Amino acid sequence: MGKIIAIANQKGGVGKTSVTINLGKTMASQGKRCLFLDFDPQNNLGDALAPELASMQGFANGDHPSNVFFMFSGIVEAQPFVVTENIHVMGSSKKLANVTQDNIFDFADSLDKIKDRYDFIFIDCPPSVGALQHTALAVSEKVLIISQAQGQSIKGVHKLMTTQSQIKKRLNPQLEVVGIVINLSERPETKNQIEKEAELRKDYPSLVFESKLYKTVRVSEALENGQALVEYAPSHAEKFGFNAFADEFLTRLEVNS
Ligand SMILES: Nc1ncnc2c1ncn2[C@@H]1O[C@H](COP(=O)(O)OP(=O)(O)OP(=O)(O)O)[C@@H](O)[C@H]1O
Ligand SMILES: [Mg+2]
């Protein structure tokens, strides 16, 4: 079973951070020890899960041992911020945008020092290609792709599939795509969404998750509060369609192991 999972799509705003939080919190509530790594210099995941981190001394310049940037600065022992027993977080700051391909190996060695403490490590990727996305894919066993049923977002999927196969061939032979999940579906879907979803399923028949995630305003509110939707507004969780997706995700991990 893959335990280091990159959540990616270089297209911005498709729901990478929201899915990471909802998925990780679901796994944590099932007793799994989860580490969240914020690979986006915007620190959206860090702000949501551990808002106190950003104002800590040394955090902005990356020296803090709970900042992901610290793990790129040498072979170091990171100290993830403890939110609960099962939820540990490494936040980020603008400094993270400075990492280059040269820092990949320091990060990988720093991760090796702590990874055995966790059942799952979720890496929330930035909406861009470059050293950060490459590092995430170089150290992960699985990549979970988030997409909207929309043109630009599907272009991002195609590009990411190419990058995944290149990184698998040259750098990380164990890297597999666990699946592509469609987020922000309308109920009922628009004509364009129906067409784009059909296109995506035709291109990647076995990879697109059967279950979809739907648009519901409560997802944004939950994210602002650092909560999974099921914690923040349980009566809206069904609308989001997350439970079926989480079950399918776990089944795929086990099948693919
Ligand atoms: N299913 C959903 N229903 C409603 N709003 C959603 C849903 N998924 C994500 N959002 C909202 O869309 C916005 C973008 O989501 P999110 O930040 O998770 O995307 P992202 O891919 O991580 O973005 P970025 O590329 O900037 O990192 C946020 O305001 C979020 O709350
Ligand atoms: Mg994000």
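Could you check how many residues of the range 136-156 are touching a residue at least 60 places away in the same chain (Cβ under 8 Å) and either of a type in the set (A, V, I, L, M, F, W, C) or more than 16 Å from ligand 1 (Cβ to nearest atom) (or both)?
Count: 10.
Name, by its number, the condition in (1) in contact with a Lys or Arg (Cβ under 7 Å, 6 or more places away or on another chain); (2) more than 16 Å from ligand 2 (Cβ to nearest atom) that does not hold for Leu184.
Here Leu184 meets the rest and fails (2).
Which pairs turn up if I take residues in the range 35-49 that are within 11 Å of Phe69 (Cβ to Cβ) and look for partners that are open to solvent by 10 Å² or more (accessible area, probe 1.4 Å) and near ligand 2 (Cβ under 10 Å from one of its atoms) with beta carbon separation below 8 Å, at least 6 apart in sequence or on another chain?
Listed pairs, sorted by first residue: Asp38/Asn44.
Please work out which one of (1) open to solvent by less than 60 Å² (accessible area, probe 1.4 Å); (2) away from ligand 1 (no atom under 16 Å from the Cβ); (3) assigned to a strand (DSSP E or B) is the condition Ile180 fails and give its number.
The one condition Ile180 does not meet is (2).
Is it true that some residue in the range 101-113 is assigned to a helix (DSSP H, G or I), modelled with pLDDT of 95 or more and under 26 Å from Leu184 (Cα atoms)?
no
Test Leu132 against the criterion of being closer than 16 Å to Tyr204 by Cα and either open to solvent by less than 10 Å² (accessible area, probe 1.4 Å) or in contact with a Pro (Cβ under 8 Å, 6 or more places away or on another chain) (or both), and give yes or no.
Taking the combined requirement at face value, the residue does not satisfy it.
Taking the options Ser73, Ser92, Ser128, name whichever one is in contact with a strand residue (DSSP E or B) (Cβ under 8 Å, 6 or more places away or on another chain), small (Gly, Ala, Ser) and closer than 22 Å to Asn44 by Cα.
Matching residue, one of Ser73, Ser92, Ser128: Ser92.
Looking only at residues that are part of a helix (DSSP H, G or I) and more than 16 Å from ligand 2 (Cβ to nearest atom) in the range 85-100, which one is most open to solvent (accessible area, probe 1.4 Å)?
By that ranking, first place goes to Asn98.
If I ask for residues that are in contact (Cβ under 8 Å) with a residue 24 or more places away in the chain and assigned to a helix (DSSP H, G or I), which ones from the range 114-135 would you list?
Ile114, Lys115, Arg117, Ala131, Leu132, Gln133, His134, Thr135
Kindly evaluate Ser235 against the criterion of being open to solvent by less than 20 Å² (accessible area, probe 1.4 Å) and polar (S, T, N, Q).
Here the answer is no, as Ser235 does not meet what is asked.
Count, please, the residues in the range 183-224 that happen to be open to solvent by 30 Å² or more (accessible area, probe 1.4 Å), over 24 Å from Ala237 (Cα atoms), touching a strand residue (DSSP E or B) at 6+ places or on another chain (Cβ under 7 Å) and not in a loop (DSSP other than H, G, I, E, B).
Within the range 183-224, residues that are open to solvent by 30 Å² or more (accessible area, probe 1.4 Å), over 24 Å from Ala237 (Cα atoms), touching a strand residue (DSSP E or B) at 6+ places or on another chain (Cβ under 7 Å) and not in a loop (DSSP other than H, G, I, E, B) number 1.
Using the structure shown, decide if Lys159 is out of contact with any strand residue (DSSP E or B) (no Cβ under 9 Å at 6 or more places or on another chain), of a type in the set (Lys, Arg), within 16 Å of ligand 1 (Cβ to nearest atom) and within 29 Å of Ser211 (Cα to Cα).
So Lys159 fits the description; yes.
Where in the range 1-84 are there helices (runs of 4 or more DSSP H), lying fully within it, with 1 or more residues that are surrounded by fewer than 20 Cβ atoms within 10 Å (Cβ to Cβ) and within 14 Å of ligand 1 (Cβ to nearest atom)?
In the range 1-84, 44-49 are the helices (runs of 4 or more DSSP H) which contain 1 or more residues that are surrounded by fewer than 20 Cβ atoms within 10 Å (Cβ to Cβ) and within 14 Å of ligand 1 (Cβ to nearest atom).
The values are calculated or read from the model by the stated rules, or taken from the named source; none is laboratory data. The structure presented is a predicted model; accordingly, all values stated were derived computationally and were not measured. Methodologically, a virtual Cβ is constructed for each residue, glycine included, from the backbone with ideal geometry; neighbour enumeration extends over all protein chains shown. Areas reflect the complete protein model, heavy atoms only, side chains present, ligands, DNA and RNA absent. Shrake-Rupley method; radii C 1.70, N 1.55, O 1.52, S 1.80 Å.
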